[in-house]
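Report on the structure given below.
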Amino acid sequence: MSIEEIAEWFLSSSDYYFYSVLLALLIFVLLLWYFFAYFCYSLTKDKVLPKGTKKYRYAVFVPARNEDKVIGNCLKSLKMQTYDPNYFDVYVIVESKNDPTVKITKKYGYFSIIRKDLVNKRTKGYALDEAYKYINELKDKTYDSIIVFDADNVVANDYIDLLNDVKNQGFKVGMGFRNFTNSTKNWVSACSATLFGYMNQFTSKGRSQVFKKLTLIGTGYYIDKDIIDAEGGWIFNGMTEDVEITRYCYYHNISMKYYPIAQYYDEQPEKFKVVHTQHIRWVWGYFANKKRFSKKNNPDYKCLKKGAQNISLFEYNVSIYPIVCIYVLLLLSAFASFIVFLVSIPYTCIYEEFRVLDVTLTLGFYALVYFVLLWGVFAFVAFITIIISNKFLHFNVRTSLKVMSTYVFFMFDFVLAVLDGLIHRYKRTSWDKVEHKGNVSNKKALEQINNEKRKK
């Protein structure tokens, strides 16, 4: 092979990467038609729902194994709810009667549920199922809905009140805005808050407006008890039970409402290692087999008519793939161009022909463009998210710039999570406890646990 042919091969290989990126952009535009609609909805003013005339009864579940460092803030914020305390009960779920969390729970006058069935059942879903069975055996209490919180959550004083307004509108599942107790602590917690801000104000707000659906993210939601009753228990017991519930609601045509006026607060990881552990669970939990939640059979809750229901299912099922497609192709194109660039350098040193030097410089330029484009895409997404969510996040200019410059590295960890799960199969199904510190730096969150005037 002549040096001219080698040079042409180097250059043509880089062209393939360029065309693949164009293809990814085309797929992105064709399949993400709703992206632009959701962006418009994200900019609209949040409407206040009418005050609910009926008081529903709620069972509040708080899985809290060895969470004595943080459970106090959560229970205190629940104690100061403006909703009538006679209409909700709090059940803290632990795995041992010797857990210090039990003593703290008793201090606030709430109930502890000691788990009994722990063999291969250590996920949050199994804990919620035991709590569900526990309340079903109560003879003197009945509930309309179940609300789920994590032990590190701090709940705004009017949160249950506002969820009750949502339920009075006929929605069977509802959730408020997931805010954060420590979003400005460092770049890791800030990027994590930005991701959830996107899922809140972009995905959930758009889906709620267009399809009466939302994307459950963690906790802070209520779900009507009759949905759980119909399945004979809490069947959502995988690594990502929130994804399973969301999928179930889509396929069973259940009405859902995202109501950002209601807020609760969540502690975000401040170490990248902890975030990586979470990402492994999320990625592999998302792509786990969920056929049992996707059966288009009874019960059908008739939220949408058949045509709208089919469109909502299409949007839900394809929504992640255009983003993954453009991300992976940009990443592969950037690395492939860089590798070919490195391989071409020795030829440039050996052969002094201008054509070889020109091709090498072109390859280096392509690699740089792909990396910059990849960074730019995620910097832009972070920028848009901060614009639509900053009334909740309250990032200053410095934090915003920090997020925009590092968001690509935060999101790249999802690729590492896939690879880590492939190499270490046990990480796909192991539920590693995330340690919480209980440090609340968000001023609004602090108000929810220090406002003694509202204490019941």
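Would you confirm whether or not the stretch 228-239 contains a residue that is closer than 19 Å to Y38 by Cβ and within 16 Å of the chain's Cα centre (by Cα)? Please lay out each step first, then the result.
Our first condition is that a residue be closer than 19 Å to Y38 by Cβ; within the stretch 228-239, this holds for none.
Checked the stretch 228-239: no residue is closer than 19 Å to Y38 by Cβ and within 16 Å of the chain's Cα centre (by Cα).
Has the stretch 254-276 got any residue that is of a type in the set (A, V, I, L, M) and closer than 15 Å to S294 by Cα? Write out each step before concluding.
First, pick out the residues of the stretch 254-276 that are of a type in the set (A, V, I, L, M): 254, 256, 261-262, 274-275.
Next, from what is left, pick out any that are closer than 15 Å to S294 by Cα: 254.
Yes - at least one qualifying residue is present in the stretch 254-276.
Tell me, which residue of the stretch 365-398 that is within 16 Å of S189 (Cβ to Cβ), under 21 Å from the mean Cα position of the chain (by Cα) and not aromatic (F, W, Y) is surrounded by the most Cβ atoms within 10 Å (Cβ to Cβ)? Steps first, please.
Going through the stretch 365-398, the residues within 16 Å of S189 (Cβ to Cβ) turn out to be 382, 385-386, 389-390, 392-396, 398.
From what's left, under 21 Å from the mean Cα position of the chain (by Cα): 382, 385-386, 389-390, 392-395.
Going one step further and asking which of them are not aromatic (F, W, Y), we end up with 382, 385-386, 389-390, 393-394.
Details: A382: 27, T385: 25, I386: 22, S389: 25, N390: 16, L393: 24, H394: 15.
Applying the filter and picking the extreme gives A382.
Listed here are the residues, each with its yes/no results for (1) modelled with pLDDT of 95 or more; (2) closer than 29 Å to K437 by Cβ.
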residue: Y143; (1), (2): yes, no
residue: I146; (1), (2): yes, yes
residue: L162; (1), (2): yes, yes
residue: Q169; (1), (2): yes, no
residue: V173; (1), (2): yes, no
residue: N179; (1), (2): no, yes
residue: Q209; (1), (2): no, no
residue: Y222; (1), (2): yes, yes
Every pair of residues 6+ apart whose Cβ atoms lie under 6 Å, when the first sits in the stretch 101-117 and is free of Cβ contacts under 8 Å to residues at least 60 places away in the same chain while the second is exposed (fewer than 15 other Cβ atoms within 10 Å of the Cβ): I114/K97
Find all pairs meeting these conditions: Cβ atoms under 7 angstrom apart; at least six residues apart or on different chains; first residue within the stretch 84-98 and at negative phi and open to solvent by 20 Å² or more (accessible area, probe 1.4 Å); second residue in a strand (DSSP E or B) and not hydrophobic (A, V, I, L, M, F, W, C). Y87/Y58
Single condition V166 does not satisfy, out of (1) in contact with an Asp or Glu (Cβ under 9 Å, 6 or more places away or on another chain); (2) aliphatic (A, V, I, L, M); (3) farther than 12 Å from W234 by Cα: (1)
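Name the strands (runs of 3 or more DSSP E) wholly inside the stretch 49-126 in which the number of residues that are within 30 Å of G170 (Cβ to Cβ) is 3 or more.
Values: elements: 58-63, 88-94, 111-114.
Once the strands (runs of 3 or more DSSP E) in the stretch 49-126 are filtered for at least 3 residues that are within 30 Å of G170 (Cβ to Cβ), what remains is 58-63, 88-94.
Yes/no matrix, rows are residues, columns are (1) within 27 Å of L162 (Cα to Cα); (2) among the acidic types (D, E); (3) more than 28 Å from the chain's Cα centre (by Cα):
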residue: N86; (1), (2), (3): yes, no, yes
residue: V90; (1), (2), (3): yes, no, no
residue: V102; (1), (2), (3): no, no, yes
residue: S112; (1), (2), (3): yes, no, no
residue: R115; (1), (2), (3): no, no, no
residue: N120; (1), (2), (3): no, no, no
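Run down F395, F378 and say which single residue is modelled with pLDDT of 85 or more, among the hydrophobic types (A, V, I, L, M, F, W, C) and part of a helix (DSSP H, G or I).
Values: F395 fails: part of a helix (DSSP H, G or I).
None of the others qualify; the one that does is F378.
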State whether the residues of the stretch 276-296 include one that is in contact with a Gly (Cβ under 7 Å, 6 or more places away or on another chain), charged (D, E, K, R) and open to solvent by 10 Å² or more (accessible area, probe 1.4 Å). no
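May I ask you to verify whether Y34 is open to solvent by 40 Å² or more (accessible area, probe 1.4 Å), at pLDDT below 90 and part of a helix (DSSP H, G or I)? Full working, then the answer.
Working: open to solvent by 40 Å² or more (accessible area, probe 1.4 Å): no; at pLDDT below 90: yes; part of a helix (DSSP H, G or I): yes.
So Y34 does not fit the description; no.
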A445 passes all but one of the listed conditions (1) modelled with pLDDT of 90 or more; (2) of a type in the set (G, A, S); (3) open to solvent by less than 30 Å² (accessible area, probe 1.4 Å); the exception is number (1)
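The values are calculated or read from the model by the stated rules, or taken from the named source; none is laboratory data. These numbers come from a predicted model, not from an experiment. We place every Cβ from the backbone using ideal geometry, glycine too, and count neighbours over all the protein chains shown. Ligands, DNA and RNA are excluded from the accessible area calculation, which covers all protein heavy atoms including side chains. Shrake-Rupley method; radii C 1.70, N 1.55, O 1.52, S 1.80 Å.
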